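Participant: Sharing a structure, written as structure tokens. Questions coming.
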Amino acid sequence: MAGRDLFIGLMSGTSLDGVDGVLARWPGDDAPEVLAFEHAPFDPALHAGLLALQQPGHDELHRSALAASALARAYAAVVSALLRTADVGPAAVRALGAHGQTVRHRPREFDGTGYTVQVLNGALLAELSGIDVVCDLRGRDVAAGGQGAPLVPAFHRSVFARPGEDVAVLNVGGIANLTLLRADGSIGGFDCGPGNVLMDDWCRRHLGEPYDRDGAWAAGGRVHERLLARWLAEPYFDRAPPKSTGRDLFDARWLDAGLSGHAVPSAADPTPAPRDVMATLCELTAAAAAGALQRHAPATVRLIVCGGGAYNGQLLRRLGALLGPRVLVQRSDAVGVPPDRVEALAFAWLAREFVGRRPGNLPAVTGAAGPRVLGALHPAGEPPA
């Protein structure tokens, strides 16, 4: 691999806010060096098409195929921007790891194997980029009896583990997932509940904005304790790992079901105002994560927060308050990696592991029968002139 130690990672997550891309170099086994980062929001038509695919509907196969190609073009545009920024050509990049857009995630269900579906036309992306594409990165773990998620704990270990210290990493994308890096070297991890997905949905409904910037709207509201208790009664929170989730559970219908279960309003228990609902949704994300950390890794002394939710100041304040002074809550940029780059960098790392034919999963995290090389390869095409 000498001379070709560059990898690209492309991530579009449950938040459906667009594509994050990184171009990184791994000098041997050292920590990666990020040479370029790009974020490109989805255009409205692609966002609407991907959102519609989250639920069953008419002509799904046709719509899914078109969305897969549209997403490949959006990914290819980010790849081009990364290469321009770093002033390198496609031939210098060994491979790119592309997540695709999850539209269904039902591991171990139905027939015992279940499935996970990430929409992406990997062949088209290889044609457009001129770079080897490694995609379908969750399917092999599911085939081996695993959850197919989370896949980031192995990468988190490589960049965030601290010898002799119990560290946790909370990635807050649309869904929130925890990685537990224990002082004895053992690793755990699982999806702990909603991240930004419900807060973003509520913000779009009532403010017409894609998200609550810095958590300012939530910070001005009051947590509605009965509504919070109703949401926290969701059985998923009490399930033992390994476990993973997505919009198949935590979506607008789930949010509205909790609201519709609200008791008949009274002076003592009024219907919550929209801002109070936002405060309660923020508290839900914080409480689900803090509760899971206290149950499964009570010796943790440091919580590193990454993903888009790391920029929500109110969420970080609530995590700190719920965990108490014994746990240092800090964003991942405090330890060297900006929060919005961590997941894309993880998928560059997964492409690197695929090229080296090294396992990318952790069976103790996903529940798979054993370590597996993750991904399917679409060899490079000739990049367009």
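Participant: Does Asp214 satisfy being over 24 Å from Val103 (Cα atoms) and at pLDDT 95 or above?
Facilitator: yes
Participant: Is it the case that some residue within the stretch 366-382 is open to solvent by less than 30 Å² (accessible area, probe 1.4 Å), not in a loop (DSSP other than H, G, I, E, B) and not charged (D, E, K, R)?
Facilitator: There is at least one residue in the stretch 366-382 that is open to solvent by less than 30 Å² (accessible area, probe 1.4 Å), not in a loop (DSSP other than H, G, I, E, B) and not charged (D, E, K, R).
Participant: Next question, about the same structure. State whether one or more residues within the stretch 164-184 are basic (Lys, Arg), in contact (Cβ under 8 Å) with a residue 24 or more places away in the chain and closer than 29 Å to Gln55 by Cβ.
Facilitator: Within the stretch 164-184 (the criterion being basic (Lys, Arg), in contact (Cβ under 8 Å) with a residue 24 or more places away in the chain and closer than 29 Å to Gln55 by Cβ), the answer is no, since none of the residues qualifies.
Participant: A further question on this structure: What number of residues in the stretch 30-54 are among the small types (Gly, Ala, Ser) and touching a residue at least 60 places away in the same chain (Cβ under 8 Å)?
Facilitator: Residues flagged as among the small types (Gly, Ala, Ser) and touching a residue at least 60 places away in the same chain (Cβ under 8 Å) within the stretch 30-54 amount to 1.
Participant: Still on this model: Being touching a residue at least 24 places away in the same chain (Cβ under 8 Å), open to solvent by 20 Å² or more (accessible area, probe 1.4 Å) and hydrophobic (A, V, I, L, M, F, W, C) is the filter here; which residues of the stretch 145-163 pass it?
Facilitator: Looking only at the stretch 145-163, we keep the residues that are touching a residue at least 24 places away in the same chain (Cβ under 8 Å), and these are 145-160, 162.
Narrowing further to those that are open to solvent by 20 Å² or more (accessible area, probe 1.4 Å): 145, 157-159, 162.
Result: Val159, single match.
Participant: Which condition from (1) touching a residue at least 60 places away in the same chain (Cβ under 8 Å); (2) touching a strand residue (DSSP E or B) at 6+ places or on another chain (Cβ under 7 Å); (3) under 28 Å from Asp191 (Cα atoms) is the one that Ser64 breaks?
Facilitator: With (1) touching a residue at least 60 places away in the same chain (Cβ under 8 Å); (2) touching a strand residue (DSSP E or B) at 6+ places or on another chain (Cβ under 7 Å); (3) under 28 Å from Asp191 (Cα atoms) applied to Ser64, the lone miss is (1).
Participant: Would you mention how many residues in the stretch 101-128 are buried (at least 18 other Cβ atoms within 10 Å of the Cβ), within 13 Å of Arg247 (Cα to Cα) and among the hydrophobic types (A, V, I, L, M, F, W, C)?
Facilitator: Qualifying residue count, the stretch 101-128: 1.
Participant: Can you pull out every residue in the stretch 120-156 that is assigned to a helix (DSSP H, G or I) and within 19 Å of Ala310 (Cα to Cα)?
Facilitator: Of everything in the stretch 120-156, those that are assigned to a helix (DSSP H, G or I) and within 19 Å of Ala310 (Cα to Cα) turn out to be Pro153, Phe155, His156.
Participant: Kindly indicate the residue of the stretch 3-35 that is among the small types (Gly, Ala, Ser) and open to solvent by less than 40 Å² (accessible area, probe 1.4 Å) and also farthest from Ala310 (Cα to Cα) among those meeting that condition.
Facilitator: That would be Ala24.
Participant: List the residue pairs whose Cβ atoms are under 7 Å apart, where the first residue sits in the stretch 205-225 and is assigned to a loop (DSSP other than H, G, I, E, B), the second is open to solvent by 60 Å² or more (accessible area, probe 1.4 Å), and the two are 6 or more positions apart or on different chains.
Facilitator: Close Cβ pairs (under 7 Å, with a partner that is open to solvent by 60 Å² or more (accessible area, probe 1.4 Å)) amount to Pro210/Asp17; Pro210/Arg204; Gly220/Arg275; Gly221/Arg275.
Participant: Restricting attention to the stretch 270-322, which residues are small (Gly, Ala, Ser), assigned to a helix (DSSP H, G or I) and within 21 Å of the chain's Cα centre (by Cα)?
Facilitator: Ala286, Ala287, Ala288, Ala289, Ala290, Gly291, Ala292, Gly308, Gly309, Ala310, Gly313, listed by residue number.
Participant: Follow-up question, since we're still on this one. Give the residue that is farthest from Leu328 (Cα to Cα), with candidates limited to residues of the stretch 164-179 that are among the hydrophobic types (A, V, I, L, M, F, W, C) and crowded, with 24+ Cβ neighbours inside 10 Å. Spell out the reasoning first.
Facilitator: Step one: filter the stretch 164-179 for residues among the hydrophobic types (A, V, I, L, M, F, W, C), giving 167-170, 172, 175-176, 178.
Next, only the ones that are crowded, with 24+ Cβ neighbours inside 10 Å stay: 168-170, 172, 175-176, 178.
Values: Ala168: 10, Val169: 12, Leu170: 13, Val172: 17, Ile175: 22, Ala176: 18, Leu178: 15 Å.
Top of the filtered list is Ile175.
Participant: Of everything in the stretch 341-385, what is modelled with pLDDT under 95 and out of contact with any Asp or Glu (no Cβ under 6 Å at 6 or more places or on another chain)? Give them in sequence order.
Facilitator: Glu382, Pro383, Pro384, Ala385
Participant: Is it the case that Arg318 is in contact (Cβ under 8 Å) with a residue 24 or more places away in the chain, among the basic types (Lys, Arg), farther than 20 Å from Glu165 by Cβ and buried (at least 17 other Cβ atoms within 10 Å of the Cβ)?
Facilitator: Yes; evaluated as a whole, the condition is true for this residue.
Participant: Taking the stretch 253-265, which residues are modelled with pLDDT under 95 and either open to solvent by less than 50 Å² (accessible area, probe 1.4 Å) or in contact with a strand residue (DSSP E or B) (Cβ under 6 Å, 6 or more places away or on another chain) (or both)?
Facilitator: Correct list: Gly258, Leu259, Gly261, His262, Ala263.
The values are calculated or read from the model by the stated rules, or taken from the named source; none is laboratory data. Source: prediction; values computed, not measured. Don't worry about glycine lacking a Cβ; one is built from the backbone with ideal geometry, like all the others, and counts go over all protein chains shown. Protein only, heavy atoms only, side chains kept; ligands, DNA and RNA dropped before computing areas. Shrake-Rupley method; radii C 1.70, N 1.55, O 1.52, S 1.80 Å.
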